[in-house]
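Values quoted throughout were computed directly from the atomic coordinates according to the rules given, and no laboratory measurement underlies them. Every value quoted in this text rests on a predicted model; they were computed, and no experiment measured them. Don't worry about glycine lacking a Cβ; one is built from the backbone with ideal geometry, like all the others, and counts go over all protein chains shown.
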Amino acid sequence: MAKPVIMPRFGMTQEEATIVEWLVKEGDHVDPDDPIAEVTTDKVNMEVPAPAAGYLGGIRYQVGDTVPVTRVIAFILEEGEQPPSVEDDPEPAVESAAASPAVESIDKVPTQASAPASTVVAASPVAKRIAEAEGIPLAQVRGSGRDGRIVRADVENYLSSPTAVAMDPSEIRATPAARRVARERQLDLGLIAGSGPHGRIQEMDVMSFQPERSAPVPTYAVAGEPVLIPLEGMRKTIAERMQTSAQQAPHITFNLEVDMTRTIAFRQTINQQLPAGQTKVSMTALIVKLTAWALRRHPFMNAYMVDDGVLLLPHVNIGVAVALESGLIVPVVKDADQKGIYQIATDVDDISQRARSAQLLPDDVADGSFTISNLGMFGIDRFTAIINPPQIGILAVGRTIERFMPDANQQPVLRPMMSITLSADHRAVDGAQAGSFIADLRTALEEPASIML
């Protein structure tokens, strides 16, 4: 009997996903949990696994089509079986197991030619994707999952080992995002130096690469005629959510200047005391930690605006906005108020790198209670950010720049000053509440040692 393959729901608020690639051709045989398609939501790319063994058939949608969740996209058929007509497509009563992001499905991957033909390696889809991008033979990776299954951490540990060997020494190592940008810009990856582990080419390496003048014009460049870039995928979702937020949430904004003298010195001190192999503490990591402290003191800022009122949240989960070529994504540092600064620094570095290499999982972008958008590294002095609904607030961080400020004797002295701007939903908080929050945050930023030591 034909088994429907439905478009799974990878997040609580997800309503649709776009098909990026069919990984299996119509008529090909698949085993249970084999990845058969790659889809993208407004946040992450994920694989759709086969719900049963059989032959893929009755593909309902093509690459580029946007499909509502739970809609039938194809069927798994028995040998010689014909797929049902469109009119007979079943309406699934329950979402498939693929809808749960907490469970990694098993992907059976053939080993290298040196292994017996019947041998397979059990690996999660994420592990397979990283291994393929790095050119790593999965047969050489030791699995730590159930029954020896290879998971993402196993591949990453293998990559960090000195014995890591690619399938083909001449193969160019590049992240999926880097390959996509290179295709869009018609660039030869062989000409680009990689800054990632083992020389892996990152998205930013491609974006910053300056080709020779004779290089072809990128496909999106305007050459005499207007070029329409459709709002789709992540860009479409960002446009819809920001329009809704601007129209429905009455924004109230507060701007403060923060003297970063002690914060800069504090960061230098703790980075000098780093344990071996520890990620350096970035300014963003410090801001996340101190914002978490302030949010715990002001629970109305760590909340959602819902139909029935203001939902105060028990966990301080701070989203960190990361700019991508295709838009903006906000991975989340979970329980930021409970973590030390070194752990937060590691988390921020990890989610930022995986965001830029398209390796985030649904859980990485879920359950944020507050958002920080830092554009200081782009030379932006100050800006106002739009709230990410249903959250109550968002903090916009500008660059740190030296300005003359009066000292205790009213004499001008140079101080490293940073602008922070809070946008708050005026339906949930009034001016006094929001103003008290950002004032406490400024105190924390100007005296970080008193908060964290």
With the charge dipole of the range 280-360 built from beta-carbon charges (+1 for Lys and Arg, -1 for Asp and Glu) about the Cα centre, the Cα from Val348, Gly327, Asn302 projecting farthest to the positive end belongs to Val348
Note: the range 362-453 at 37 °C, 0.692 mPa s; Kirkwood Rh on alpha carbon pairs; Stokes-Einstein D in µm²/s works out to 217 µm²/s
Of 18-27, 282-291, ordering from highest average Cβ density within 10 Å down gives 282-291, 18-27
Taking placed amide H atoms and a strict 5 Å upper bound, the residues 5 or more places from Val316 or on another chain that come that close are Asp335, Ala336, Asp337
Taking a ≥ b ≥ c as the square roots of the Cα gyration tensor eigenvalues, with a/c under 1.5 meaning rounded and otherwise prolate when a/b beats b/c or oblate if not, the range 341-395 comes out oblate
The range 260-285 and the range 309-361 have their Cα centres apart by a whole-number Å value of 19 Å
Given backbone amide H placed at 1.01 Å from N, residues whose amide H is under 5 Å from that of Leu324, ignoring those fewer than 5 places away on the same chain, are Ile329
